[in-house]
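The values are calculated or read from the model by the stated rules, or taken from the named source; none is laboratory data. Computed from a prediction, not measured in an experiment: that's the story for all the values here. Every residue, glycine as well, gets a Cβ built from its backbone with ideal geometry; the counts of neighbours run over all protein chains shown. To get the accessible areas, we keep the full protein, side chains included, count just its heavy atoms, and leave off ligands, DNA and RNA. Shrake-Rupley method; radii C 1.70, N 1.55, O 1.52, S 1.80 Å.
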Amino acid sequence: MAANSHDQGRLPAAFLRPGSSSFLDFLSDYAPERLPGARALPPIEGSFETVHGTTIVAATFAGGVVLAGDRRATMGNMIAQRDVEKVFPADEFSAVGIAGTAGLAVELVKLFQLELEHFEKVEGHVLSLEGKANRLSTMIRGNLGMAMQGLAVVPMFAGYDLEREKGRIFSYDVTGGRSEELGFAAVGSGSIFARGALKKLHRPDLTEQQTATAVVQALYDAADDDSATGGPDLARRIFPIVTVITEDGFRRLTEAEVSEIARTVHEGRLQLPNGPQAPVL
């Protein structure tokens, strides 16, 4: 009996057929069961808890955008993990931060990274930032069934728009609805407190360093009022993840850079526990 294509080391025919530049479309045709939203959940009696990521913040400045996230993951009223990573590069000029069901969110981010890489390889050029935001919206919409069962993923997408030459921020709801945020944004359990902080701290003329400090201040305020958000942990040396996207691409601030910002913020809070005050006009 002749050996099949796998035995001969050849790819299945589905991998060689011309088709869509969307990896998501390809996977939907070839192996739909591998998509997170296509999986059947086992029957569950009573309530259950999953690990959740919490607060993500973003703010623009003249040269780009800063996207940051705290490090805490919760399971009900318990701290499930203190050093989880919630902000990831999507490609060279964009990043995504995740709030919601942690395991499912990380899987969606990996699929999104593949989607963008696949498009670039097939089409020979990078998808526009607007196109990237639309692709992520489609992926979230595909997870609606699981979101209705309590496994929701609410990401934030930010990047540098090479055509408009500026940083942009996009937020989403569980149905895949997309909104562009102007100036700053926050998602997750501590978002209302983070947004309140950024309302008084953010200005369009801030530098990259000042914007990074402002988002850490916002995460500090979120942790101050929301038990699910973790603030800078000086004792364990666990600090927020802070990323910057400019015309030079994606960059994650080093631990030394973030720790310096966090210590400056902490020292300021020893004098003003409620944080810096907005000027009175």
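A few points about this structure:
- Criterion applied to 206, 198 was being open to solvent by less than 50 Å² (accessible area, probe 1.4 Å), part of a loop (DSSP other than H, G, I, E, B), touching a strand residue (DSSP E or B) at 6+ places or on another chain (Cβ under 6 Å) and not hydroxyl-bearing (Ser, Thr, Tyr), and the one residue passing it is 206.
- Condition check for residue 211: within 24 Å of residue 159 (Cα to Cα), part of a strand (DSSP E or B) and either within 23 Å of the chain's Cα centre (by Cα) or β-branched (Val, Ile, Thr) (or both): no
Let's see how each residue does on (1) closer than 15 Å to residue 245 by Cα; (2) at pLDDT 95 or above; (3) open to solvent by 20 Å² or more (accessible area, probe 1.4 Å):
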| position | (1), (2), (3) |
| --- | --- |
| 130 | no, no, yes |
| 136 | no, no, no |
| 167 | yes, yes, no |
| 186 | no, yes, no |
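- Residue pairs whose Cβ atoms lie under 7 Å apart, sitting 6 or more positions apart in sequence or on different chains, and linking a residue in region 67-85 that is assigned to a strand (DSSP E or B) to a partner that is open to solvent by 70 Å² or more (accessible area, probe 1.4 Å), are 73/81; 75/49.
- Across region 53-66, the number of residues qualifying as outside any loop (DSSP other than H, G, I, E, B), out of contact with any helix residue (DSSP H, G or I) (no Cβ under 6 Å at 6 or more places or on another chain) and open to solvent by 10 Å² or more (accessible area, probe 1.4 Å) comes to 1.
- Unique match (being open to solvent by 30 Å² or more (accessible area, probe 1.4 Å), of a type in the set (D, E, K, R), touching a residue at least 24 places away in the same chain (Cβ under 8 Å) and farther than 30 Å from residue 76 by Cα) among 260, 267, 247: 247
- Search result, residues across region 67-122 that are more than 19 Å from residue 212 (Cα to Cα), among the acidic types (Asp, Glu) and open to solvent by less than 50 Å² (accessible area, probe 1.4 Å): 91, 115
- The lone exception for residue 153 - which of (1) touching a residue at least 40 places away in the same chain (Cβ under 8 Å); (2) of a type outside the set (Gly, Ala, Ser); (3) open to solvent by 10 Å² or more (accessible area, probe 1.4 Å) it fails: (3)
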